[in-house]
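K.L.:
Once you've had a glance at the structure underneath, I'll fire off some questions.
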Amino acid sequence: MAKISTKQIAEAIYATTKNKSGVELERALANAVQFLAKKNLLSKAPEILSRMEHISDTDHGITRARVSSKSPLTKKVTEKIESMLKKRYKAKEAVLDFKEDNTLIGGMRIETEEEVIDLSLKDKLNQLQNYLLTH
């Protein structure tokens, strides 16, 4: 018997719950939980939920990113990051999660599902060091 991946389970649950509400949604979710329990997959629930969130975000044109910086960013910088991410990922909305990172010297680091955009001073210094060592 073929093994079902958490991605396939998340896609199936999302498809069966999409556009449902009330009793219909409750029934679909109860069936999903029963399936996970029957297949001994309840321990995979956090991963499945994370995948469902990604599927939903894609479906609704939302991109999520974690932005790390040494100190809080200004509203203008935040708006530029949002604009850049929406354009880069052709998204309708950008949801940013900000984190202060004292290990950064300056600049910022933007992490999305697809990539890491490292604009930190630490990374720039590492790039310079590598260049000087190889040239």
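K.L.:
Scanning the chain for helices, which whole DSSP H stretches are 27 Å or more long along the axis (Cα) and average 0.5 or more by Kyte-Doolittle?
P.N.:
Result, helices passing both filters: zero.
K.L.:
Taking other Cβ within 10 Å of each residue's Cβ, how do 56, 83, 68 sort, fewest first?
P.N.:
83, 56, 68
K.L.:
Here's another thing I want to ask about it. What nm distance separates the two modelled labels at residue 128 and residue 66, each placed 7 Å from Cα along Cα→Cβ?
P.N.:
2.8 nm
K.L.:
Provide the descending list of Cα extents for region 62-134 along its principal axes, expressed in whole angstroms.
P.N.:
The principal-axis extents, from largest down, are 43, 25, 19 Å.
K.L.:
Taking residue 92 as the anchor, which aspartates and glutamates have their alpha carbon closer than 19 Å to its alpha carbon, excluding any fewer than eight residues away along the same chain?
P.N.:
Correct list for residue 92: 53, 57, 59, 79, 82, 111, 113, 114, 115.
K.L.:
Would you mind telling me which residue in 42, 73, 96 has the biggest mean-square fluctuation in a Gaussian network model of the chain, where springs connect alpha carbons within a distance under 10 angstrom?
P.N.:
Of 42, 73, 96, the most mobile in the Gaussian network model is 42.
K.L.:
Taking R0 as 22 Å, what's the FRET efficiency between residue 29 and residue 8 from their Cβ-Cβ distance, rounded to 0.05?
P.N.:
0.80
K.L.:
Now for a separate question. Among the lysines, select those whose C-alpha is under 16 Å from the C-alpha of residue 76, and discard any that sit fewer than 8 residues away in the same chain.
P.N.:
Reachable lysines: 86.
K.L.:
Let me ask something else about it. Under a plain spin-label model, where a point goes 7 Å from the Cα along Cα-to-Cβ, how far apart in nm are residue 80 and residue 98?
P.N.:
Result for the modelled spin labels: 1.5 nm.
K.L.:
Which order do 62, 13 fall in if you start with the one that has the fewest other Cβ atoms within 10 Å?
P.N.:
Ranking 62, 13 by Cβ neighbours within 10 Å, fewest first, gives 62, 13.
K.L.:
Relative contact order for the chain: what percent, with Cα pairs under 8 Å and sequence separation of 6 or more?
P.N.:
Taking the mean separation of contacting Cα pairs over the length of the chain, I get 20 percent.
K.L.:
Over the chain, what lengths in whole Å, largest first, do the semi-axes of the equivalent ellipsoid take, defined as the square roots of 5 times the eigenvalues of the alpha-carbon gyration tensor?
P.N.:
Output for the chain: semi-axes of 39, 19, 13 Å.
K.L.:
Please figure out what share of the DSSP beta bridges in region 15-135 is antiparallel and state it in percent, rounded to the nearest 5.
P.N.:
Approximately 50 percent, going by the DSSP bridge assignments.
K.L.:
Mind jotting down a quarter of the surface of the convex hull over the alpha carbons of region 6-58, in square nanometres, one decimal?
P.N.:
Mean orientational projected area (region 6-58, Cα hull): 3.4 nm².
K.L.:
Moving on to the next point. Could you please rank 25, 125, 36, placing first whichever residue has the fewest other Cβ atoms within 10 Å of its Cβ?
P.N.:
Taking fewest neighbouring Cβ atoms as first place, the list is 125, 25, 36.
K.L.:
Another question, if that's okay. Cross-link candidates for residue 39: which lysines have Cα within less than 28 Å, leaving aside residues fewer than 8 places away along the same chain?
P.N.:
Those lysines meeting the cut-off are 3, 7, 18, 20.
Since every read-out is calculated from the coordinates, none of them should be taken as a lab result. Predicted model, so just to flag it, every value in this text is computed and none were measured. Methodologically, a virtual Cβ is constructed for each residue, glycine included, from the backbone with ideal geometry; neighbour enumeration extends over all protein chains shown.
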